[in-house]
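Visitor: After the structure tokens below, expect a handful of questions from me.
The values are calculated or read from the model by the stated rules, or taken from the named source; none is laboratory data. Computed from a predicted structure; not experimentally measured. Don't worry about glycine lacking a Cβ; one is built from the backbone with ideal geometry, like all the others, and counts go over all protein chains shown. Ligands, DNA and RNA are excluded from the accessible area calculation, which covers all protein heavy atoms including side chains. Shrake-Rupley method; radii C 1.70, N 1.55, O 1.52, S 1.80 Å.
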Amino acid sequence: MSSHRELANAIRALAMDAVQRAVSGHPGAPMGMADIAEVLWRSVLKFNPGNPRWIDRDRFVLSNGHASMLLYSVLYLTGYPLGIEEIKNFRQLGSRTPGHPEHDLDIGIETTTGPLGQGLANAVGMAVTEKLLALEFNRPDLDVVDHHTYVFMGDGCLMEGVSHEACSFAGTFKLGKLIGFYDDNGISIDGKVSGWFTDDTPKRFEAYGWHVIPHVDGQDADAVAAAIQAARAETARPSLICCKTVIGWGAPNRQGTKAAHGEALGVEEVALARKTLNWPYEPFAIPAPLKQAWDHHAAGAAAEAAWNELFGRYRAAHPQLAAELERRMRGDLPQKWSEIATQARAAAQQESKPLATRQTSQASLNVIGPLVPGLLGGSADLTGSNNTQQKNTTAITPTDFSGHYFHFGVREFGMTAIMNGMALHGGFIPYGGTFLVFSDYARNAVRLAALMHLRVILVYTHDSIGLGEDGPTHQPIEHLTSLRAMPNLSLWRPCDALESAVAWIAALERRTGPTALVLTRQPLPQQTRTTEQQAAVRRGGYVLIDCVGAPEALVMATGSEIGIAAQAVKALNDRGRRVRLVSMPATDVFDAQDAAYRESVLPNAVGRRLAVEAGATLGWWRYVGSQGRVLGIDHFGASGKASDVFPHFGFTADNVIRQVEELLKS
């Protein structure tokens, strides 16, 4: 029988060989954490490599994603469909083993990690989702949702501020099935972290309300196993197992130094490591007895079969609950979704009085939310400002998980990364709110949501200088342009109730990436539309006001500037000019329409164009061209009433008229 150390050395060998072949990568952490991974994956983790999507599997997150070869090694060794050729092609173009893990459930990779700390926050999101689903769906003696979330993390993860946001949240909400392994090796890229990271990590996590197991020898399989057993026994608090390890363990001249962290060991050092580890095998060769000992197909299939038997009894006793759990985990919208969407649009079309789009957004949410179980919201301490809580819902608290809304606290980054984890786990469609200007705090988590194609809904209010008195620190300028530049992020900036409803519908229907809903603080007028125009809103850009005959000028606007532009265009047309107003609530959606539709809205023959948006002008030049103009704001705002700030910066109907008339004279 193979020993724990021999089995762990299979990870070490694959890691150092793959990094050496690529002449790029991070061998140190995989070699240091190999013993921990061997115990967890072979003796504790509940998974089935024959069905990586089994819904009651334990979740594993490698937050220190530079240690990717550790994850790839155990996925290969345990029998996931990740072959040895992929291990050999580590970090090569087109391989499934990139430099940092990328979300790929078919081979067992739960999330994309690399930006440190975010994997840890994703794990918090997964754990809170498991707890919510268990309380909603489990019945006596039928615990069909019953799994743990395990996360590996390093010093870098804990230095990143998002770790504080997420771990504070996890402790507050008592996520007892979250177990973290802190790889305390004392080394980062610059060397010994004692020069810049002297936190008392156990005390820090105890202060969060975590169960902490300190001083575990991470190279002692028995000590690791005992720590995991103690962590699993603690059900009221998340657990942190502090593992003391040696980075690059087994490489005699590199272990314990920064040289083991982020570069290949070198041919000579790899040869010495083979001798030290008593590993006489060729690169990438795993002896059959070791590979057989690692293989988890039989155990995984048996674990899933036992769960299938349990779920069969559950389905017989609670058929509606079983069907709902399966629907939610598939990510499908309710069967009557088309009727729900129609109801939301109809309700919006009935609105006549001026309202802020944060209010019309909430009105749509109040129609849609009760009819879409699994739509779960929250806000980063701005509930009353973001208008993100549905009526008749209660907040989730540490002592009562029956609610349907999270007060995330002032944790924009943590909130977004936690929502990513919720979306990755499955069972909920998460949305969360903050001010648009504070999307900066959350931006890297937004980027990872886009990279992973996650259905996460970002509710960003107070969208421009129109928020007024809070001044330039709170007034977003570059944010619309910046977010629109992000690949695979869809952004809607609605102008009234109908566009708000359509934005929510689009966000819920979009399964291939996150959606940002950008909303006003100040009230906006409701626009009048024909039936054809109402249908066209979903296309992201459409003709809102047209002229008689071919237009001689085009005006484009979004959100709060639609009202200003509409006044101007109507006045110009009353004077005999031929001006068309195009509402562009979602430029990315409009850009995805066919060429014929785009031409019908923005005819190429009309070169005199004006874009109007109270934000940076950069993104609009592609629409207005060399003959056009952009009425925007490329500097910071000012503190004052919105009714004063808008005119101060030229956002008035009179100025729009003046700009168009000057274009027509040119």
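Visitor: Residue by residue through region 447-482, note down the ones that are surrounded by fewer than 24 Cβ atoms within 10 Å (Cβ to Cβ), of a type in the set (Val, Ile, Thr) and either in contact with a His (Cβ under 6 Å, 6 or more places away or on another chain) or in a loop (DSSP other than H, G, I, E, B) (or both).
Guide: Scanning region 447-482 gives Thr473, Ile477.
Visitor: Just the residues that are open to solvent by 50 Å² or more (accessible area, probe 1.4 Å) and either among the polar types (S, T, N, Q) or part of a helix (DSSP H, G or I) (or both), please, taken from region 535-571.
Guide: Ala535, Arg538, Arg539, Gln567, Lys570
Visitor: Just wondering, is there one or more residues in region 550-572 that are in contact with a Ser or Thr (Cβ under 9 Å, 6 or more places away or on another chain) and of a type in the set (Lys, Arg)?
Guide: no
Visitor: Quick one: which residue in Arg629, Arg622, Arg609 is among the basic types (Lys, Arg), modelled with pLDDT of 95 or more and out of contact with any strand residue (DSSP E or B) (no Cβ under 7 Å at 6 or more places or on another chain)?
Guide: After applying the criteria, what remains is Arg622.
Visitor: Among the numbered criteria (1) modelled with pLDDT under 95; (2) of a type outside the set (Lys, Arg); (3) in contact with an Asp or Glu (Cβ under 6 Å, 6 or more places away or on another chain), which one does Gly414 miss?
Guide: (1)
Visitor: Please go through region 195-230 and give me each residue that is open to solvent by 30 Å² or more (accessible area, probe 1.4 Å) and among the β-branched types (Val, Ile, Thr), ordered by number.
Guide: The answer is Thr198, and nothing else.
Visitor: Check whether at least one residue in region 483-492 is open to solvent by less than 10 Å² (accessible area, probe 1.4 Å), closer than 17 Å to Ala348 by Cα and either under 18 Å from the mean Cα position of the chain (by Cα) or aliphatic (A, V, I, L, M) (or both), and report yes or no.
Guide: Scanning region 483-492 turns up at least one residue that is open to solvent by less than 10 Å² (accessible area, probe 1.4 Å), closer than 17 Å to Ala348 by Cα and either under 18 Å from the mean Cα position of the chain (by Cα) or aliphatic (A, V, I, L, M) (or both).
Visitor: Give region 318-357 a look and list any residue that's at negative phi and small (Gly, Ala, Ser), or say none. Explain how you work it out, then say what you get.
Guide: Keep residues of region 318-357 that are at negative phi, which gives 318-330, 332-357.
Of everything in region 318-357, those that are at negative phi and small (Gly, Ala, Ser) turn out to be Ala322, Ala323, Ser338, Ala341, Ala344, Ala346, Ala347, Ala348, Ser352, Ala356.
Visitor: Which one is surrounded by the fewest Cβ atoms within 10 Å (Cβ to Cβ), of the residues in region 169-194 that are in contact with a helix residue (DSSP H, G or I) (Cβ under 6 Å, 6 or more places away or on another chain) and farther than 29 Å from Phe47 by Cβ?
Guide: Gly191
Visitor: Could you grab the pairs with beta carbons closer than 6 Å, sequence gap of 6+ or different chains, first residue in region 336-350 and assigned to a helix (DSSP H, G or I), second one open to solvent by 50 Å² or more (accessible area, probe 1.4 Å)?
Guide: Ile340/Leu371
Visitor: Here is a follow-up. Of all the residues that make up region 206-230, how many are touching a residue at least 24 places away in the same chain (Cβ under 8 Å), among the polar types (S, T, N, Q) and closer than 17 Å to His148 by Cα?
Guide: 0
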